[in-house]
Amino acid sequence: MDRTRKITCRPVLLFLAVVLAIPSCIDDKIVDCRVDVSFNYSYNMLSSNAFEQQADQVALYVFDEDGLLVAKHVSEENRLSDGFQMQTDDLKAGNYRFVAWAQSTDIKEDKAYFNIPRLTVGTSFLDDLSYYLKRESGIQQQELNNLLVGVTEVNINNVEGIHPVTIDLKKVTRRLRVVLLPYSGGTALDVEDYVFSIIDDAGNGHINYDYGILPDEAITYRPYYAANVLPDASETLPPEEIDRAAVVG
């Protein structure tokens with residue numbers, strides 16, 4: 001699918017009468033070309049945009065044809081309202097790559113966040129941007145904030161106006177819940193009797209800007225929560241059939 005968006009910005013031609021009426025408009029090369037960037041996270045079970053529900057901070061990077069970072073915008077935390085957009089302007093005609101990441105910030109522990117490099121306009125390049133899962137000795141046992149990433153290509157020519165661009169995002173993080181139930185009534189389970197882990201031998205904790213997987217070490221995922229749960233009358237199975245279940249997440 002061709003994801004290149006073409007935006008054209010025609011130079012403004014100022015006649016003498018306009019110049020006399022508005023003295024500040026003295027440059028016939030002034031161009032009013034703004035790009036309004038929206039963010040779409042519909043790559044989910046409901047196929048509806050859940051961007052504002054999944055994230056409360058977003059960063060937008062604009063790279064030129066050579067991969068050089070020419071613009072950067074980062075939102076404040078907890079400021080993503082419905083229909084949230086970012087604006088960028090002062091871009092010369094050419095081909096650009098708009099890259100975005102978004103995250104939730106509910107969990108404040110350092111290891112709840114991915115390592116994201118700090119990029120500098122005019123110095124950093126596209127290849128400098130990737131997302132690295134924090135872990136300790138190859139083990140990850142921390143509840144993570146959501147991380148969504150996306151990229152789209154944009155072509156800009158010199159035509160005035162406000163032009164929309166949408167970046168489709170994919171979610172990097174997933175949560176799994178494991179529930180152990182006793183095989184028969186009268187048997188109680190204790191979470192302390194079990195060791196739960198998911199081993200990813202290939203390693204998927206180093207994500208490229210475009211959602212691709214970069215080389216990484218093997219990672220062992222362990223539960224950040226584990227508990228024994230006693231059933232109540234609202235359970236689907238009759239309470240007499242379940243003495244105690246072990247739940248991990």
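Residues of the stretch 109-132 with an amide N closer than 16 Å to a point placed 7 Å from the Cα of Asn208 along the Cα-to-Cβ direction: 125-132. For Arg34, nonlocal amide neighbours, meaning residues 5 or more places apart or on other chains whose placed amide H falls under 5 Å from its own, are Gly161, Ile162, His163. Here the translational diffusion coefficient of the stretch 28-110 follows from Stokes-Einstein with Rh set to the Kirkwood radius across Cα pairs; for 10 °C and 1.306 mPa s it amounts to 109 µm²/s.
Among the lysines of the stretch 76-202, pairs that are 8 or more positions apart or on different chains and have alpha carbons within less than 27 Å of each other number 8.
Suppose the chain between Asp110 and Arg34 were pulled fully straight at 0.36 nm per residue; how much longer would it get relative to their current alpha carbon spacing? The partial results should precede the final answer.
Values: separation 76, 0.36 × 76 = 27.36 nm, distance 3.61 nm.
Extending this stretch completely gives an extra 23.8 nm.
Just to be sure I understand: if I project the alpha-carbon convex hull of the stretch 31-169 onto a plane and average over all orientations, what area do I get in nm²? Present the calculation step by step, with values, prior to reporting the outcome.
On the way: hull surface 37.9 nm².
So the Cα hull casts an average projection of 9.5 nm².
Each of Val121, Ile207, Leu189 was scored by the projection of its Cα onto the charge dipole of the stretch 100-210, and the greatest displacement toward the positive side belongs to Leu189; charges sit on the C-beta of Lys, Arg, Asp and Glu.
The translational diffusion coefficient of the stretch 117-157, from Stokes-Einstein at 25 °C and 0.890 mPa s with a Kirkwood hydrodynamic radius over alpha carbon pairs, comes to 178 µm²/s.
Coordinate-derived values only; no laboratory data. Being a predicted model, the structure only gives us computed values, none of them experimental. Cβ atoms come from the backbone with ideal geometry, glycine included; neighbour counts cover every protein chain shown.
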